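Student: Would you mind keeping the following structure in view while I ask a few things?
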Amino acid sequence: MDASTRKQPITDLVNRQSHSALLLGMVPFPVRQAGEPAARRFVEFFTANIRNPNTRQAYARAVSHFFAWCEARSIALHEVEPMLVAAYIEQHPGSAPSKKQGLAAIRMLFDWLVVGQVLPMNPASSVRGPKHVTKRGKTSVLEADQARQLLDSFDTRSIAGLRDRALIGVMVYSFARVSAVVGMNVGDYFQNGKRWWFRFHEKGGKVHEVPAHTKAQEYLDAYLTAAKIGDQTHTPLFRAITRHRTIGSTRPHRTDVLQMIKRRVKAAGLPASTCCHTFRATGITVFLQNGGTVEKAQQIAGHESPRTTKLYDRTNEAITIGEVDRIII
């Protein structure tokens with residue numbers, strides 16, 4: 001960084017990172033009040049330290065709420081103490097997971113400020129968040145016949161129908177996250193021996209490869225043939241549909257995919273609670289119902305822990321009338 005860059009105001013530095021600027025908005029007043037080094041270090045925490053855009057957005061929102069709370073009480077950056085952080089977490093209106101995420105964001109930011117010699121200690125390091133143990137996920141799950149009903153409902157005479165069926169098919173049959181599917185290039189659908197495979201770029205820069213299910217392969221081949229992009233290996237696999245109902249050149253955002261799913265499930269007469277994660281949970285549940293093991297489901301889904309995979313397992317959720325009738329009094 002040259003001398004002229006070092007003299008630029010903090011807003012100019014943020015504006016050079018346009019996406020980050022949208023997420024950050026402006027540096028909170030308690031941080032600006034602490035001086036240029038603190039403000040610069042604050043911006044660097046998001047633009048240089050956090051690479052995942054979803055994490056960056058969530059953490060930016062969490063620390064913004066915290067510093068707004070501090071500003072309302074005239075608490076300067078150097079005046080933040082463990083009991084103040086604890087008081088903020090205590091009055092936080094969100095759920096236990098939201099409080100835990102907020103505390104994690106605050107703790108990581110202050111760690112970054114300490115390492116940058118802005119503060120002598122991290123006031124959040126000793127603060128404990130609320131206990132929260134989840135043994136069952138809340139994501140809605142479709143029955144196998146409902147998933148089949150949805151996949152059969154697409155109008156395959158249109159490029160939009162072929163794209164949407166292929167996109168949902170990849171999520172169902174490979175347990176993939178929507179962000180990983182949307183982030184695929186054409187070359188991430190590749191042949192290895194006699195089988196076709198999917199390559200997903202997951203959180204944290206991890207690359208995860210999964211054999212393509214025959215149905216997912218069928219849907220994707222039909223889409224690629226109609227879109228005529230099979231040889232464009234370094235371009236987006238799933239693309240936005242233009243207003244002229246033709247295939248575009250840019251990736252759809254995951255929120256666009258969610259809106260598409262909401263429209264599709266409504267038209268198919270399926271539960272309105274269906275979302276992007278529904279297909280990940282549905283695939284895992286059906287896999288386990290048909291004799292698959294949690295260990296193999298974990299491998300396909302790319303989970304670090306089998307406990308995470310079990311959150312998507314709904315095979316034992318139903319309590320039958322027969323079980324209730326065992327209560328003989």
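Student: What's the local net charge at K100, with K and R +1, D and E -1, over the other residues with C-beta under 15 Å away?
Tutor: Combined, the nearby Lys, Arg, Asp and Glu give +4.
Student: Treat the stretch 191-237 as a sphere of radius equal to its Kirkwood radius over Cα pairs and apply Stokes-Einstein at 20 °C in a medium of 1.002 mPa s; give the translational diffusion coefficient in µm²/s, rounded to a whole number.
Tutor: So the translational diffusion coefficient is about 179 µm²/s.
Student: Evaluated at 4 °C with a viscosity of 1.567 mPa s, what Stokes-Einstein diffusion coefficient in µm²/s does the stretch 93-206 have when Rh comes from the Kirkwood expression over alpha-carbon pairs?
Tutor: 70
Student: Say we join alpha carbon atoms closer than 10 Å with springs in a Gaussian network model of the chain; which of V118, V172, V286 then has the biggest fluctuation?
Tutor: So, out of V118, V172, V286, the one fluctuating most is V118.
Student: In the P(r) worked out for the chain, what percent of Cα pairs fall beyond 33 Å?
Tutor: It works out to 43 percent of all Cα pairs.
Student: Also, I was wondering about something else. Test of understanding: express the Cα radius of gyration of the stretch 147-200 as a ratio to 2.2 N^0.38 Å, with N the residue count.
Tutor: Compactness ratio reported: 1.20.
Student: Could I ask something else about it? With each run of n ≥ 4 DSSP H residues scored as -39500 (n - 2.57), what mean residue ellipticity at 222 nm is computed for the chain after dividing by its residue count and rounding to the nearest 500 deg cm²/dmol?
Tutor: -15000 deg cm²/dmol
Student: Work out the charge dipole of the chain with +1 on the Cβ of Lys and Arg and -1 on the Cβ of Asp and Glu about the Cα centre, then indicate which of V43, G204, L224 is farthest towards its positive end.
Tutor: L224
Student: Normalise the Cα radius of gyration of the stretch 234-314 by 2.2 N^0.38 Å (N = residues in it) and let me know the number.
Tutor: 1.37
Student: Continuing with this model, one more query. Using a Gaussian network model of the chain whose springs link C-alpha atoms within less than 10 Å, name the residue from G169, G302, G94 with the highest mean-square fluctuation.
Tutor: In the Gaussian network model the winner is G94.
Student: Turning to a different aspect of this structure: Which residue fluctuates most in the GNM of the chain (Cα springs below 10 Å): G187, G283, G205?
Tutor: Highest fluctuation among the options: G205.
Student: For the stretch 144-311, what does the convex hull of the Cα positions come to per residue, in cubic angstrom?
Tutor: Taking the convex hull of the Cα positions in the stretch 144-311, it is 120 Å³ per residue.
Student: Then there's this: Bin all alpha-carbon pair distances of the stretch 38-141 at 5 Å intervals from 0 and give each bin's fraction as a whole percent.
Tutor: 2, 12, 22, 24, 20, 12, 5, 3, 1, 0
Student: For the stretch 74-118 and the stretch 162-222, what is the separation of their Cα centres, given in Å?
Tutor: After rounding, the separation between the Cα centres reads 39 Å.
Rule-based calculations on the coordinates, nothing more; no lab input. This structure is a prediction, so every number in the text was calculated from the model and none was measured. All Cβ positions, even for glycine, are placed from backbone atoms using ideal geometry, and neighbour counts span all protein chains on display.
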